[in-house]
Structures are given as C-alpha cells and as structure tokens.
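Taking it in order: structure first as structure tokens, then the write-up.
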Amino acid sequence: MDNLTPYFQLLSQLRDDLAANLAKMGVGAAATETLQELVPKVLLIVQGDTGQEVFIASCQGTFDVFYGFFSTGETASFAGMCGITAFCRAASLKVEISGTGLSGLAVTAPGWSVNTGDTITLTRAVTARFAAQDALDAISFTGDGRTSVEAIIQVSAVMESGQTIPAAGTAGLYYKYGATWGLVEAVGYTWNALEAQNLTWAGLEVMGKPAA
C-alpha cells in the first residue's frame, strides 16, 4: 500500500488543479468534488469570444421516419434534429411547438419546463454548448393514437441580454392515424391491390401506417 501512496497524492493534486482550472474558466467547481464529478465539467467551459452573444444552430426540416409521419406506438425523438455549432453567453433555450392537434401530443423533456396552450413551449436554463445539445437531444414526442398532429418546432436561445436568437430552419412533426390519401399514395396501393386484400371502406379507414 505504501508503494501506492505517491500515486494517490498525485491524483489528489491533479483533482485540486482541475478544480482550480475549471473555476478560472468560469465553471463552478471545488476541490472537495471527485474526479468523476469534475471531469464532465470540462464541457461546461464557455467557448469562443466571451464578449459576444452567439447562438448558431440549424434545425433539420423533417424527421427520418417512414412515409414522412409518425403513427400509433411511434416515438419522435428530437435527437439530431437541431445541431448547435456556436453557443456563447446564452442563458436558456426555448423550444416552441405550434400547429394543429397539439392536444394529442405528449412531450417528454427531462429537465425542461413545459407550458401547454395554443402552443407548447419548453424552456430550460443552460449556459454551455454541449449541455444545450444534450438537452435538445433528450426531447421526444408521442401521439395519443387518435388526434392528427401537424406541428412546426422552432428552437431559440435566450441570451444574457434578453435577446432571443432563433436557430436556422424549423422541424416539421406529423402524427397521422387511419388511412389518408397521402398514405395510400406513399404505400403505392392500387385499386387492384386493395381489392386483393378484401379491404372495405371501413377497413381502409382504420388501416393506418404499415410496419416499416
């Protein structure tokens, strides 16, 4: 055990140095924390010119989902839908969801405040790029199995000054149930194919989206 003492002393010193360096970079850290607690805080260091308020992000227009919409039992993950490339002196993130059928949309957003009404607004205090990206990627949506949803998702950052800077682009979120002309066209059904399956109008109405 005596042979390990110098290594323990070195680790203790390195922990103290890491805590001190993080504090110098504006990240709350203390030597009483463990290395396991301190190491992830490296990602909380503010990047770029700290004299400027900067938010550069871009939202992908459509979810990667078969037939362009979600249906019964499908979860829409927001992971990868909005990429942040620059983030400096932001105080919080805001995600606004507007459109029709929002009452049939459930939002899972760990750590976010969620307000529902004519629009759904998510807010979360976050001050570092990687933490902001992780927060966005953790959001997901599910439908109620009945209410069609046609929504647009807009991501913005609220800066320290109070200025709101939106991400470039938006994301479209769609939940559909039963048969739609778009679904019939996307699947490529013909009258002969429908007749071959003995589908009545009642059966067609509840056909829904086929499995991928």
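The values are calculated or read from the model by the stated rules, or taken from the named source; none is laboratory data. This structure is a prediction, so every number in the text was calculated from the model and none was measured. Cβ placement follows ideal geometry from the backbone for every residue including glycine, while neighbour counts extend to all protein chains displayed. Calculation scope for accessible area: heavy atoms of the full protein, side chains included, ligands and nucleic acids excluded. Shrake-Rupley method; radii C 1.70, N 1.55, O 1.52, S 1.80 Å.
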Does Phe130 satisfy being farther than 17 Å from Ile165 by Cα, in contact with a Leu (Cβ under 8 Å, 6 or more places away or on another chain) and open to solvent by less than 40 Å² (accessible area, probe 1.4 Å)? no
Can you tell me which of Ala193, Ala128 is modelled with pLDDT under 95 and touching a helix residue (DSSP H, G or I) at 6+ places or on another chain (Cβ under 6 Å)? Ala128
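Report whether or not Thr108 is of a type outside the set (Lys, Arg) and exposed (fewer than 12 other Cβ atoms within 10 Å of the Cβ).
Working: of a type outside the set (Lys, Arg): yes; exposed (fewer than 12 other Cβ atoms within 10 Å of the Cβ): no.
Considered against the rule, which asks whether it is of a type outside the set (Lys, Arg) and exposed (fewer than 12 other Cβ atoms within 10 Å of the Cβ), Thr108 comes out as no.
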Return the only residue of Ser92, Ser103, Ser71 being surrounded by 15 or more Cβ atoms within 10 Å (Cβ to Cβ), out of contact with any helix residue (DSSP H, G or I) (no Cβ under 8 Å at 6 or more places or on another chain) and modelled with pLDDT of 95 or more. Ser92
Is one or more of the residues making up the range 30-37 at pLDDT 85 or above, in contact with a helix residue (DSSP H, G or I) (Cβ under 7 Å, 6 or more places away or on another chain), open to solvent by less than 70 Å² (accessible area, probe 1.4 Å) and assigned to a helix (DSSP H, G or I)? yes
For Ser98, all conditions in the list (1) at pLDDT 95 or above; (2) among the polar types (S, T, N, Q); (3) part of a loop (DSSP other than H, G, I, E, B) hold save one; what is the number of the exception? (3)
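Can you tell me how many residues in the range 91-123 are in contact (Cβ under 8 Å) with a residue 24 or more places away in the chain and acidic (Asp, Glu)? Please lay out each step first, then the result.
Start the filter on the range 91-123 by keeping residues that are in contact (Cβ under 8 Å) with a residue 24 or more places away in the chain, which leaves 91-112, 120-123.
Add one more test, that the residue is acidic (Asp, Glu), and what stays is 96.
Here the count works out to 1.
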Filtered residues of the range 101-130 (kept if among the hydroxyl-bearing types (Ser, Thr, Tyr) and assigned to a strand (DSSP E or B)): Thr108, Ser113, Thr116, Thr121, Thr123
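Going by the conditions given, is Ala76 in contact with a strand residue (DSSP E or B) (Cβ under 8 Å, 6 or more places away or on another chain), in a strand (DSSP E or B) and under 18 Å from Arg146 (Cα atoms)?
Details: in contact with a strand residue (DSSP E or B) (Cβ under 8 Å, 6 or more places away or on another chain): yes; in a strand (DSSP E or B): yes; under 18 Å from Arg146 (Cα atoms): yes.
For Ala76, the condition - in contact with a strand residue (DSSP E or B) (Cβ under 8 Å, 6 or more places away or on another chain), in a strand (DSSP E or B) and under 18 Å from Arg146 (Cα atoms) - is met.
Could you list, in sequence order, all residues of the range 135-157 that are of a type in the set (A, V, I, L, M) and surrounded by fewer than 19 Cβ atoms within 10 Å (Cβ to Cβ)? Let's see the steps before the verdict.
The initial filter retains those residues of the range 135-157 that are of a type in the set (A, V, I, L, M), namely 135-136, 138-139, 149, 151-153, 155, 157.
Scanning the range 135-157 gives Ala138, Ile152.
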Might you let me know whether the range 57-65 holds any residue that is at pLDDT 85 or above, over 21 Å from Thr142 (Cβ atoms), among the hydroxyl-bearing types (Ser, Thr, Tyr) and open to solvent by 40 Å² or more (accessible area, probe 1.4 Å)? yes
Of the residues in the range 131-152, those that are of a type in the set (Val, Ile, Thr), in a strand (DSSP E or B) and either modelled with pLDDT under 95 or out of contact with any Ser or Thr (no Cβ under 6 Å at 6 or more places or on another chain) (or both) come to Val149
Among the numbered criteria (1) touching a strand residue (DSSP E or B) at 6+ places or on another chain (Cβ under 8 Å); (2) open to solvent by less than 70 Å² (accessible area, probe 1.4 Å); (3) in a loop (DSSP other than H, G, I, E, B); (4) of a type in the set (Val, Ile, Thr), which one does Ile84 miss? (3)
